[in-house]
Amino acid sequence: MTKKRGTSGKSYLFLAICALLGIGLELVLAWGIEPLFGISMGTYTTFQIIIHWSVVCVIWFVVGVFVINFAKQKYQFHLWEEKSKLKGWQYLGVAACLLVSVMTHYLDWGGFKPLLEFQRLGVLKFVFQYIYYLLETFLMSLMIIFGQKACEKWFEKENVPYGGIVLALTWGLLHILSKGSVAVGLMCAFGGFLYGSSYLIVDKDYRKALPLMYLMFVL
């Protein structure tokens, strides 16, 4: 990835914060706008939850594209630049990340997460739920990437998963408030750190990191 000379860590952190605020717009929708129409998060009908997920996905997609294009035009940061093929140890690292994610989710959910969600949601809601997860992963990954870049500018080290730490301390711990559970927040924080580590394992290649993070998030 290329960068414009003089781009500061604060500039990249700003982009990470934009991605975080983009995720937070769901709360504005659920807590501020939907109640005006008599819609409550705890009593969604199937139609309402699908509309909610669809609107959120559109919002998240727009925010993500804005952040990527802003970074490209303002800082010459080309996110989709392809890197070299993975080496043997990197494949092992990818497998380890997936294994840890699956085991963590299995313990947290008391079973295989996708299967349990499919049984609970049914086909239609399951499909929309997992599209929603993809867009959430999209913005989470941007927080990791730009959080990583910001800290690399400040600390001048590239082998520390700073982006995962940023995600853990923001998106992860904020689940304590959004879900009302410290355990859930800590679990999400651990996941955030793991996603950031996976980004380094694939040599910061976003073409590989995004699908990897998505699999880690949903499996």
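The values are calculated or read from the model by the stated rules, or taken from the named source; none is laboratory data. No experiment lies behind these values; they were computed from the predicted model shown. So basically every Cβ, Gly included, is an ideal-geometry build from the backbone, and we count neighbours across all protein chains shown.
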For Gly22, are the conditions met, namely being at pLDDT below 90 and within 29 Å of Ile144 (Cβ to Cβ)?
no
Quick check on Ser40: is it more than 25 Å from Ile144 (Cα to Cα) and surrounded by fewer than 15 Cβ atoms within 10 Å (Cβ to Cβ)?
yes
Starting from segment 182-208, take each residue that is within 18 Å of Trp80 (Cβ to Cβ) and list its partners that are β-branched (Val, Ile, Thr), counting only C-beta distances under 6 angstrom and pairs at least six apart or across chains.
Tyr199/Ile144; Lys208/Val202
Which listed residue, of Gly180, Gly192, is buried (at least 20 other Cβ atoms within 10 Å of the Cβ) and at pLDDT below 90
Gly192
Residue under question is Lys85, and the condition is that it be among the charged types (D, E, K, R) and either under 14 Å from the mean Cα position of the chain (by Cα) or over 30 Å from Thr7 (Cα atoms) (or both); does it hold?
no
Reported set for segment 63-100 where residues are surrounded by 12 or more Cβ atoms within 10 Å (Cβ to Cβ) and of a type in the set (Val, Ile, Thr) is Val63, Val67, Ile68, Val94, Val100
Filtering helices (runs of 4 or more DSSP H) wholly in segment 130-219 for at least 3 residues that are under 27 Å from Gln119 (Cα atoms) gives 175-179, 182-201, 206-218
Please work out which residue is modelled with the lowest pLDDT, limiting yourself to segment 101-126 and to residues that are β-branched (Val, Ile, Thr) and surrounded by 15 or more Cβ atoms within 10 Å (Cβ to Cβ).
Thr104
Out of contact with any Ser or Thr (no Cβ under 9 Å at 6 or more places or on another chain), of a type in the set (S, T, N, Q) and over 24 Å from Val63 (Cα atoms) - does that describe any residue in segment 119-126?
yes
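So that you can scan it fast, the table gives a plain yes or no per residue for (1) touching a residue at least 12 places away in the same chain (Cβ under 8 Å); (2) in contact with a helix residue (DSSP H, G or I) (Cβ under 6 Å, 6 or more places away or on another chain); (3) over 20 Å from Ala168 (Cα atoms); (4) among the hydrophobic types (A, V, I, L, M, F, W, C):
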{"site": "Ser8", "(1), (2), (3), (4)": "yes, no, yes, no"}
{"site": "Cys18", "(1), (2), (3), (4)": "yes, yes, no, yes"}
{"site": "Trp53", "(1), (2), (3), (4)": "yes, yes, yes, yes"}
{"site": "Leu92", "(1), (2), (3), (4)": "no, no, yes, yes"}
If only one of Glu136, Glu152 is surrounded by 17 or more Cβ atoms within 10 Å (Cβ to Cβ), under 15 Å from the mean Cα position of the chain (by Cα) and of a type in the set (D, E, K, R), which one is it?
Glu136
